[in-house]
Every structure is written in C-alpha cells, then in structure tokens.
Amino acid sequence: MDERTRAYVEDMIRGDEPAFDNLYRSYSGKLYRMAFFITGDKYESEDILQETFVKCFLHRNELRNPERFESWIYRILVRTAWKTGKKKRELSLDEIVDRNDASGLSRSIDRDDQAGPLELVMESETASELMVAVKKLDQKYRTVVLLYYYNELGTKEIARITGLFEGTVKSRLFKARKLLRESLETGQWAEERGICHE
C-alpha cells in the first residue's frame with residue numbers, strides 16, 4: 001500500500017468523508033468486477049458494491065491496521081456477494097473484462113516486453129480462452145482463482161477474506177487449476193465459441 005492510500009485509510013477511520021470518497025474511487029472498479037465475477041449479475045453487483053462500502057464506513061473502527069484495508073474490504077465484499085449471489089447466471093465477458101484485465105489472470109504466461117504482433121495476439125487469445133474457462137467454474141473455485149490471480153492476493157489473505165482455512169484455499173486453487181487445464185486442453189471453450197479444430 002502506498003503512503004497516500006494509507007493516509008486515506010487512516011483519515012477514513014477517523015470519519016473523514018473526502019478520504020472515504022477517494023478510497024471509493026480507487027477501489028470501486030476492481031471491487032465491482034470481483035462482485036460481478038462472483039454473482040454474474042450487473043445490478044446485483046452494483047448493490048453489493050454499495051453495500052460493501054456502506055459496511056466499510058459503518059465498521060471503519062473495526063479496522064485496526066490500515067495496511068490490511070485491502071484484504072479487509074475484499075472480505076466484506078466476498079461475504080456480501082456470497083450471501084446475495086446464489087443464483088447462477090451466464091457471465092458476459094464483454095461487460096467485465098478488457099484485455100488488460102484478462103491478461104492479469106494469465107500472468108503465468110511468459111511474456112517478452114519486446115513481443116511482436118503475433119505474440120501479442122497469441123497472449124490475448126490465451127487470456128480470452130482462460131476467462132471463458134474461469135467463468136464456467138463453480139463459484140467457490142472461481143472466487144479463489146480471482147482473488148489469487150486477478151487480485152494477486154496470497155493464500156493466507158484469501159483465507160482471511162473468505163473465512164476458509166488456508167489448506168482449503170490451497171486445495172480449491174489446486175482443483176481449480178486442474179479444472180481449467182482440462183477445460184483448455186479439451187477445447188470446450190472453442191466448441192462454445194463455434195471454433196472447430198481439424
């Protein structure tokens with residue numbers, strides 16, 4: 001966390017509304033996308049985002065360490081989303097993922113900064129394939145994958161956010177990777193998008 005964000009968090013804890021507004025502006029986009037990934041519903045995600053920030057402000061005095069703000073607010077969001085996001089809906093990738101977001105999930109792909117057009121197209125296609133596969137995961141697996149790869153949180157932090165044991169988080173990540181690998185290897189994403197392999 002940078003110094004300015006930390007200062008905003010400290011001021012917000014003291015009840016400073018402009019600091020809270022700055023935190024809202026900094027985190028709302030990322031948190032909205034996370035809520036949307038979990039629930040699959042635009043309007044529900046907007047409600048979850050608002051409820052998350054309301055809870056954040058109302059319970060600001062419970063945050064003892066400003067450095068833990070990010071994992072604390074993710075915990076509020078995830079728990080709120082789990083309570084309200086029980087219905088499964090088809091996700092629209094166009095609404096939530098642009099190329100930069102999608103490539104965040106494929107960070108394990110080796111990328112040369114001097115990559116040519118073909119390499120960049122291949123990376124973009126791989127990221128799209130991965131996002132299609134991720135959206136098909138069960139909510140419990142999708143949540144840990146998004147927190148780990150998309151938000152780059154560690155397993156201990158994810159355990160705190162979700163209220164799970166760290167071993168359960170690791171187990172779900174392992175299972176999710178296996179499911180994603182199988183989905184990508186069998187080409188299910190290609191069939192769904194009408195792409196035929198000879």
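Return P(r) of the stretch 3-84 (all Cα-Cα pairs; 10 Å bins starting at 0; whole %; ordered from short to long distances).
P(r) for the stretch 3-84, in whole percents per bin: 20, 53, 24, 3.
Within a 10 angstrom radius of the beta carbon, how do D41, D16 rank from fewest other beta carbons to most?
Least to most surrounded, the residues fall as D16, D41.
Of K135/K170; K55/K136; K55/K140; K42/K135, which ones are farther than 25 Å apart at the Cα?
From the list (K135/K170; K55/K136; K55/K140; K42/K135), the Cα-Cα distance tops 25 Å for K55/K136.
Just so you know, all these numbers are worked out from the coordinates, no wet-lab data involved. Here the structure is a predicted model, which is why all the values come from computation and not from measurement. Please note: Cβ atoms are built from the backbone with ideal geometry, for glycine as well, and neighbour counts cover all protein chains shown.
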